[in-house]
Every structure is written in C-alpha cells, then in structure tokens.
Amino acid sequence: MRSPLSQYWTLTKPRVVALIVFTALVGMFLAVPGLPPWKETVFGLLGIWLAAASAAAINHVLDQRIDALMARTHDRPLPTGGLRTSQAVVFAVTLGVASMAILVFLVNPLCAALTFASLIGYAIVYTGWLKRATPQNIVIGGIAGAAPPLLGWSAITGMAGESDWAYALTLVLIIYLWTPPHFWALAIFRREDYAKAMVPMLPVTHGVTYTRWQILFYTVLLVLATLLPWALHMSGTFYIGGAVVLGSVFLWHAWRLLDPPDEFFAMRTFQYSVVYLMALFAFLLLDHWLMPWLQPGSALDFQPVAFR
C-alpha cells in the first residue's frame, strides 16, 4: 500500500511535468542573451510546475472512469481508492491557486494569464471535452500542452520585445507538431484499452494504418519546424546539427512504423519521441548558452534583460 504522500505525488504526473518544466526553462534561457534574472526564473518555474501539477491532478479526477478500464492507468490513486475524489479536487485547486499567486505577485500578470489559459486548456477543454469528442483531440488540444516555452519566455521578458512572440511561438510550434506522433504512437500500442474505455483516439476510429500515415505526416512537419530556430537566427550550427540527427532518427521510426517489425515498435517510437524532445531542447539550450564561449573573442553578456 503506497503512502498518502506517494499517492498525491502520483497525481502530479511527475515525469510529464518534468518535461514541461524543462521546456519552460529552455524558453527562459533563450529569452535573454545571458543568464535570466534569478527571481523570475525560480518563481516562474515554481509557478509553472504547480500549474502543470494542478492540471495533472484535474486530469486524474476527470479521467478516473477511463483510468479504471485501462491497463496502463488502472493502478492510479483514484481507481484504486488510494485517494478520494474530494481529496484530489482540493489538492488540484490548492496547487492551482498557489501557482497563480506566485506568478501574479512574484513574476508578472501576463505569465500568470498564459499559464492559467494553458491549465484550463489541458485540464478542462482537452480532458473534459475534446478527449471524448473527436479523434482530432490531440491536434486541437495540443496547443495547451505546447505552451511551456512561451510561459517561460513570458516569465522573463513579459513579451515586451518586438521578436519575443515570434521566437517563443516558434518553440511552441515545435512541441505542437511533436504532440500528435508522440501520442498516436502510444495510442496504437494501447488501442484496445482506448476502445474499451470508449475514447475516440485516431487508431480506434480510423484504424492503425491511417494513424501510421498521420504519424509520418506530422513527423515530417515537425522536422521541418525544427529548422526554424536556425533559420530565424535563434540558434547556430551546434543546434541544427543535433536537430538534423535527432529528426532523421524520428523520421526513420515513423517510416518503419508503416510496416513495423513487431507490435511493440509503436511503443518504442513513443519512447523515442520523449527522448527526442528532451534532447532537441537540450541542444537549443547548449547552443544558446554554452557555444558562445567556444567562439574566439566572444563571451556571454551576463546582464539580464538589460538589452530590453
């Protein structure tokens, strides 16, 4: 029997939230030429983490009937009775209120508003409606899950610069296009679970073959989108080299998935997609922050947001 603390921790979906916080952190570092200011960075990450954890807990509450039917999720705290629904709701609301208080008073109101919109978009619009309404749930609702780099960027700059929106939304676009192949690969592997739970995921409504082609289509779009940071001079050769290698491997997975060697290959594609996004954003961070030190006669400007 897991402890109550462990049950609450599970409600926050820590591995998913860790990826959200990491991409937000990259957005923060790319927003300025040197180190971002510590206060906005620390409290911005804390507020974004709390909001993402709140959204995850709401997801547990709204999906508990579905979770009880699916092999992947049947042992979550609510289906097993480890926590009551009321406890999960109070926990989610507490995290959400704390998140908004931190972001409004210690970061900036715009970051708070964007984070709140993302929370509502994922927890209520996607989980409460789109997930059950259409096989395009991931495509339509994916914008909420793609927002973290924008949230991190806005925490540091308040989106005051002329190029802030264009650069931050470029990172959002990358995650937005990554989302369909990421989730549909998992949905192919778990399609019987989704069918049993009556969730209209694409492999259930349109078949596995059609979904495989859609994965390839979105992967091509994703790889093209990952060239934009280099084309817009957000990043240099170190990033573009990593993006091309990572994208080539992702394209190989998507192409091989059209005629997979075994049933588990869809799950391996899903697992690679997680590694892919983490590594891609790590290349962005390293290119932006570390590579200038390797340029002769150059160094990072450690005056946070002074150029604005």
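The values are calculated or read from the model by the stated rules, or taken from the named source; none is laboratory data. The structure presented is a predicted model; accordingly, all values stated were derived computationally and were not measured. Cβ: placed from backbone, ideal geometry, glycine included. Neighbour counts: every protein chain shown. Calculation scope for accessible area: heavy atoms of the full protein, side chains included, ligands and nucleic acids excluded. Shrake-Rupley method; radii C 1.70, N 1.55, O 1.52, S 1.80 Å.
Descriptive notes on the structure:
- Rg and Dmax [Cα atoms of the chain; Å; Rg one decimal, Dmax integer]: 19.8, 62
- Förster radius 25 Å - calculated FRET efficiency between W289 and S248 (Cβ-Cβ, nearest 0.05): 0.50
- Cα pair distances of region 1-160 binned at 5 Å [whole percent]: 2, 10, 18, 21, 18, 14, 10, 5, 2, 0, 0
- Chain lengthening between A133 and D259 when straightened (0.36 nm per residue, less Cα-Cα): 42.4 nm
- Inter-part distance, region 1-76 to region 185-207, computed on C-alpha centroids, equals 25 Å.
- Region 163-290, accessible area per residue, ligands and nucleic acids excluded (1.4 Å, Å²): 43
- Spin-label pair F116/F217, simplified geometry with 7 Å Cα→Cβ offset, distance in nm: 3.7
- Along its principal axes, region 163-290 has C-alpha extents of 47, 30, 20 angstrom, given from the largest down.
- Choice from T127, T80, T269 with maximal GNM fluctuation in the chain (Cα, 10 Å cutoff): T80
- Pairwise Cα separations in region 227-288 fall into 10 Å bins from 0 onward with the following percentages, short to long: 22, 44, 23, 10, 0.
- Carbon + sulfur, % of accessible area of the chain - ligands and nucleic acids excluded, 1.4 Å: 70
- Base-10 log of normalised Debye intensity for region 47-88 (one unit scatterer per alpha-carbon) at q = 0.17, 0.19, 0.29 Å⁻¹: -0.44, -0.54, -0.96
- Note on A98 and I140: their simple-model spin labels are 3.4 nm apart, each label 7 Å out from Cα toward Cβ.
- Region 1-160, relative contact order in percent, only Cα pairs under 8 angstrom and at least six apart counted: 36
- Per-residue ellipticity at 222 nm computed for the chain from its helices equals -22500 deg cm²/dmol, with DSSP H segments shorter than 4 residues left out and the rest contributing -39,500 (n - 2.57).
- Selected from T219, T23, T73 as most flexible by GNM, with the chain as the system and alpha-carbon contacts under 10 Å: T73
- GNM result for the chain, Cα springs below 10 Å: residue of D287, D259, D193 fluctuating most strongly: D259
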